[in-house]
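Everything on this sheet refers to the single structure shown next.
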Protein chains: 2
Amino acid sequence: MYVIIVYDTERCNCVKLHKLLKKHLFWNQNSVFEGVVTTAQFAKIKQLLNEIRAKDSHITFYSFDNEKLLRREEMGEAKGNTSNIL
Amino acid sequence: MYVIIVYDTERCNCVKLHKLLKKHLFWNQNSVFEGVVTTAQFAKIKQLLNEIRAKDSHITFYSFDNEKLLRREEMGEAKGNTSNIL
């Protein structure tokens, strides 16, 4: 399946979430990750995120079976998928 | 169609983008809006965003024809869809 994960959290927690998510997904832009995962991988990512996320954080998970159903457009220069920000 | 719009931008520009997007879409969480729009509305939103966005901003537009194809899960307390933050 294809997933998009977006999160709001405090700065120090942000680093933890970023490090976890970049192991599994493509980093699109600040606090937004996406990519192809299996159902089991997705469940594991959600479990791990729930363990390390700050209490007042909020995370949204969008998922769909077929990436081809999704159109994706960008405006501006992408900063994601680089490792020099954190 | 159903759209999800996520943006990275500088703080003062963030207010402008937020104000524009909340006229048309549901505010999910910081820098993330989503909702049902027509093709014409979507084109207009993109045009207006392009006019007011900061040079170094980055915006991603995800869209698909049928909202039912999308699964949506949340973790934590939602802060979106309230008007008292800006």
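Rule-based calculations on the coordinates, nothing more; no lab input. From a predicted model like this one, the values you see are computed outputs, not experimental measurements. Note: ideal-geometry Cβ built from the backbone for every residue, glycine included; neighbour counts use all protein chains shown.
Which order results if B:Glu73, A:Glu51 are arranged by neighbouring Cβ count within 10 Å, fewest first?
Least to most surrounded, the residues fall as A:Glu51, B:Glu73.
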The value for the protein assembly as shown (convex hull of the alpha-carbon atoms, volume per residue, Å³) is 111
Per-residue average of Cβ from other chains inside 10 Å of A:30-38: 3
At B:Gln41, with labels set 7 Å past Cα in the Cβ direction, how many nm apart are the copies from this one, shortest first? 3.5
Would you look at the GNM of chain B, springs on alpha carbons closer than 10 Å, and say which of B:Leu70, B:Leu21, B:Leu48 moves the most? B:Leu70
Give me a single rounded figure for B:4-12: the average over its residues of other chain Cβ atoms within 10 Å of their Cβ. 4
Considering only Cα-Cα distances, which of the following residue pairs are longer than 26 Å: A:Lys22/A:Lys55; A:Lys46/B:Lys44; A:Lys22/A:Lys68; B:Lys44/B:Lys68; B:Lys22/B:Lys55; A:Lys68/B:Lys22? A:Lys46/B:Lys44; A:Lys68/B:Lys22
Rel. contact order, % - alpha carbon contacts under 8 angstrom, at least six apart, chain A: 46
